[in-house]
1. Between helix A:209-219 and chain A, what is the angle of the helix's C-alpha long axis to the longest principal axis, kept within 0 to 90° and rounded to the nearest 10?
2. Quick one: which residues, 5+ away or cross-chain, put their amide H under 5 Å from the amide H of residue B:387? H built at 1.01 Å from N.
3. Given H placed on each backbone N at 1.01 Å, which residues far from residue B:253 in sequence or on other chains put an amide H within less than 5 Å of it?
4. Please list 3J(HN,Hα) in residue order for the range B:180-186, calculated via the Karplus relation 6.51 cos²θ - 1.76 cosθ + 1.60 where θ = phi - 60°; whole Hz, with x for glycine and proline.
5. Below 11 angstrom from the Cβ of residue B:243, what's the summed charge of the other residues (Lys, Arg +1; Asp, Glu -1)?
6. Pairwise over distinct Cα atoms, reciprocal of the mean inverse distance: report the Kirkwood radius of the range B:304-443 in Å, one decimal place.
7. Going from the alpha-carbon gyration tensor of the range A:75-136, what semi-axes, largest first and in whole Å, does one get by taking the root of 5 times each eigenvalue?
8. List, in order, the whole-Hz ³J(HN,Hα) value for each residue of the range B:432-438 obtained from phi through the Karplus relation with A = 6.51, B = -1.76, C = 1.60 and θ = phi - 60°; use x for Gly and Pro.
Number of protein chains: 2
Amino acid sequence: MRIVSIADILKGCSTVGSEVTVYGWVRTRRDSKAGVSFITIYDGSCFNSLQVVVEQNHSDVLRLTTGCSLSVTGKIVESPGSGQIFEMQASHMEVVGWVDNPDTYPISAKIHSLEYLREVAHLRPRTNIIGAVTRVRHSLAQAVHRFFSKEGFYWISTPILTASNTEGTGEMFRVSTLDMENPPRTTSGKLNYDMDFFGKETFLTVSGQLHAEAYASAMSKIYTFGPTFRAEKSNTSRHLAEFWMIEPEIAFSDLSGASILAESMLKYIFKAVLSERADDMDFFSCRIDPGVIVRLQRCISTQFSQIDYSDAIEILLSSKHKFHHPVQWGLDLSSEHERYLTDQYFKAPVVVRNYPKDIKAFYMRLNNDGRTVAAMDILAPGIGEIIGGSQREERVEILDMRLAERGISIEEYWWYRDLRRYGTVPHAGFGLGLERLIAYVTGVKNVRDLIAFPRTPRNVSF
Amino acid sequence: MRIVSIADILKGCSTVGSEVTVYGWVRTRRDSKAGVSFITIYDGSCFNSLQVVVEQNHSDVLRLTTGCSLSVTGKIVESPGSGQIFEMQASHMEVVGWVDNPDTYPISAKIHSLEYLREVAHLRPRTNIIGAVTRVRHSLAQAVHRFFSKEGFYWISTPILTASNTEGTGEMFRVSTLDMENPPRTTSGKLNYDMDFFGKETFLTVSGQLHAEAYASAMSKIYTFGPTFRAEKSNTSRHLAEFWMIEPEIAFSDLSGASILAESMLKYIFKAVLSERADDMDFFSCRIDPGVIVRLQRCISTQFSQIDYSDAIEILLSSKHKFHHPVQWGLDLSSEHERYLTDQYFKAPVVVRNYPKDIKAFYMRLNNDGRTVAAMDILAPGIGEIIGGSQREERVEILDMRLAERGISIEEYWWYRDLRRYGTVPHAGFGLGLERLIAYVTGVKNVRDLIAFPRTPRNVSF
């Protein structure tokens with residue numbers, strides 16, 4: 001018997017009248033008085049369930065509950081009911097796995113809060129919402145890979161374990177194999193990292209950018225796509241201790257090159273998700289945020305606005321809007337400022353460029369004015385910053401000056417400086433957090449619901 | 001002026017006679033007495049360099065050395081010389097970045113040992129070999145994503161940070177934010193992990209499989225593709241502390257389903273790399289291992305052999321071959337045994353199935369004989385084990401028994417057991433290490449040369 005996915009059946013890939021087998025799990029059961037039951041089955045392949053009509057004389061039918069796994073064989077027919085085009089008339093049904101104590105099954109057919117679902121993260125992909133998030137995440141990730149591949153970028157896996165700290169700031173997780181109860185110490189009584197696995201203090205990466213620059217300085221166009229880590233104790237809906245980042249880096253490019261790349265990447269992946277995940281996006285639009293689809297469509301069809309940070313400050317200062325945080329040249333934009341620019345002023349995604357050098361990282365390229373750097377943040381309506389990027393300082397003498405300003409020793413960055421000493425090139429890139437991107441696409445606000453097993457302060461469950 | 005990649009020029013995408021601009025780095029310079037110089041330029045987009053013919057009256061030409069970055073504009077012409085179809089007649093050349101002290105440039109045009117190149121890992125992608133490895137790695141990774149996508153699998157990012165240990169064995173890296181010099185202690189004097197970032201002991205994952213099973217139990221077909229970690233002090237050419245793994249998991253599947261999937265995946269990605277990376281594969285075939293291309297072609301066209309572990313033991317026992325390691329039912333196969341099976345006996349990839357339960361992990365499904373489990377290793381000629389997989393134990397009572405045998409508490413695996421308590425299904429999957437796969441494909445033996453910045457005992461440089 002041909003085994004098919006529910007996605008294929010609902011797309012009409014199985015001829016009406018043909019007999020096929022479906023594997024899946026029961027979502028609901030409804031018994032009619034006419035001696036048949038209507039079982040809806042999901043298999044994760046798509047948002048919608050398949051309705052299966054089964055004779056009640058099958059001994060197990062009336063014992064089926066949400067979550068039971070089934071193998072069902074039957075004929076695909078056009079559905080007389082509303083809500084689906086095709087359904088299955090079952091000729092054979094087998095229960096593969098029952099549910100222990102259906103009354104206490106954690107994923108009953110009712111609606112559960114997202115907070116509750118995090119406590120059963122191992123079962124939550126069985127829900128409509130987490131299933132939809134999983135498929136959207138997949139489509140976005142695939143589209144990212146396809147986009148960069150077609151643009152001639154090579155994927156690089158930059159290291160997760162590192163002895164250095166990209167930003168020069170930010171709290172990092174330490175990685176060790178030392179016996180922490182009784183660690184080896186040097187004669188002076190300090191912890192002896194020389195005895196550790198790597199022979200020195202080691203951390204989890206906060207960004208692959210510096211390593212990405214090394215590869216861009218040889219392969220021209222590359223990108224990273226991997227997990228990154230922050231040990232900040234931020235208990236907000238926008239922070240994870242472990243999240244996935246995409247970081248392209250382009251040699252022979254200035255900031256505009258990175259901005260153009262970011263805009264075309266976002267448009268490409270938004271188009272992909274709208275076309276591939278229409279069923280899931282309908283769900284997010286109906287149940288989570290009615291604006292999600294229009295927002296993506298607008299983003300696809302609108303040219304992103306471009307503005308200098310200094311002009312953005314002017315706009316904010318001359319607005320009638322009352323802000324909680326101070327607006328002043330030299331201070332970073334806060335969320336409310338960003339939201340004002342995107343939601344009220346431009347009503348479109350906006351690229352803010354050329355920030356004051358003192359609020360940005362040391363590696364960003366110093367502009368000719370001596371007080372700003374070639375940095376950009378891409379702000380999106382409804383969410384704020386979605387991409388941060390910059391042109392990198394390719395001039396070794398200015399890089400050294402910037403390191404000195406921050407009190408960072410140039411020895412530590414010897415290999416990063418080498419990239420400037422040997423055939424240096426102007427280059428630029430940006431970083432995009434995958435979970436925040438999914439938040440923007442789905443309207444689901446909390447990033448903890450957008451990664452399979454979220455890691456946050458005091459939470460490393462499962 | 002149109003900016004084009006060298007890959008596009010060499011593929012003939014630029015009409016002969018058209019004028020284009022190329023950005024790249026000098027590989028070699030040869031001066032003719034006729035007043036022109038031949039500069040070969042690479043940009044990482046493909047294996048071969050572009051030959052550029054420049055008049056020596058350009059002031060910088062005779063100062064160019066390996067590694068200088070250039071912008072060159074000129075006409076694409078058919079090359080009169082051998083070795084390339086197209087070359088460029090430069091009309092304008094600009095040096096973007098010089099090389100400090102060309103005499104000590106670490107990546108001079110001569111051939112360097114792979115050991116030396118690891119010491120300059122930030123510059124080694126500028127060499128032919130590491131450039132080729134990078135492009136092959138990219139093509140394999142992309143083909144993996146494409147393969148699973150077209151087969152209806154969803155990509156899941158299973159967690160890197162975990163409080164549990166998949167295999168129940170294997171040394172793990174500990175992750176912490178505690179002040180190790182002066183850690184908080186409980187009243188009994190023990191380290192107080194309650195004060196740590198996650199409030200408990202936390203490690204880097206050794207496999208995403210258990211988490212992958214949770215998602216397969218809802219989405220049916222999923223795969224992971226991410227970094228994994230081993231803290232074993234193995235200083236061999238086949239071990240990395242940080243490496244990338246691909247782990248598909250299929251619901252409603254037995255071991256044969258996983259074996260069929262693995263075979264078609266390998267064939268798909270080998271076809272992709274042969275067709276997309278012909279230039280790089282030619283290099284590996286000429287310079288590293290003359291057998292690489294034929295080996296992949298044979299793997300694509302041969303049906304993989306299938307054999308039970310018990311029969312493999314019989315074959316080894318009855319062979320005339322003298323083995324260093326003992327051959328005995330109940331012992332694991334060593335590399336020499338695997339190599340005998342693939343290289344001498346089958347002369348093809350072979351799937352060895354149904355291993356003794358005591359040498360395999362607790363989660364592998366117990367066969368009816370009570371002494372073997374539904375595990376498989378796929379062995380490839382010339383390299384040995386390339387894939388390891390199994391059907392998972394989906395019967396909660398047998399899982400509990402297996403956990404008890406290993407002395408593992410069932411409480412620790414509460415959520416893993418839940419997958420068996422609620423709509424359990426037969427399921428199977430496998431794991432494939434990306435770097436070992438690249439070793440097989442390229443013939444480059446040491447996995448340290450197959451990942452951008454390798455991490456091994458006492459080495460976390462860059």
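Bear in mind that the values in this text are calculations on the coordinates, not laboratory data. Note that the structure is predicted; figures quoted are calculated from it, not measured. Cβ: placed from backbone, ideal geometry, glycine included. Neighbour counts: every protein chain shown.
1. Orientation of helix A:209-219: about 90 degrees from the principal axis.
2. It is B:378, by chain and number.
3. B:427, B:428
4. Running phi through 6.51 cos²θ - 1.76 cosθ + 1.60 with θ = phi - 60° gives 6, 5, 9, x, x, 10, 6 Hz.
5. On the way: positive: B:230, B:238, B:436, B:448, B:455; negative: B:242, B:435.
Neighbourhood net charge equals +3.
6. Averaging 1/r across every pair of different Cα atoms and inverting gives 16.3 Å.
7. Working: eigenvalues 152, 63, 24 Å².
Semi-axes, largest first: 28, 18, 11 Å.
8. 9, x, 4, 5, 5, 4, 5
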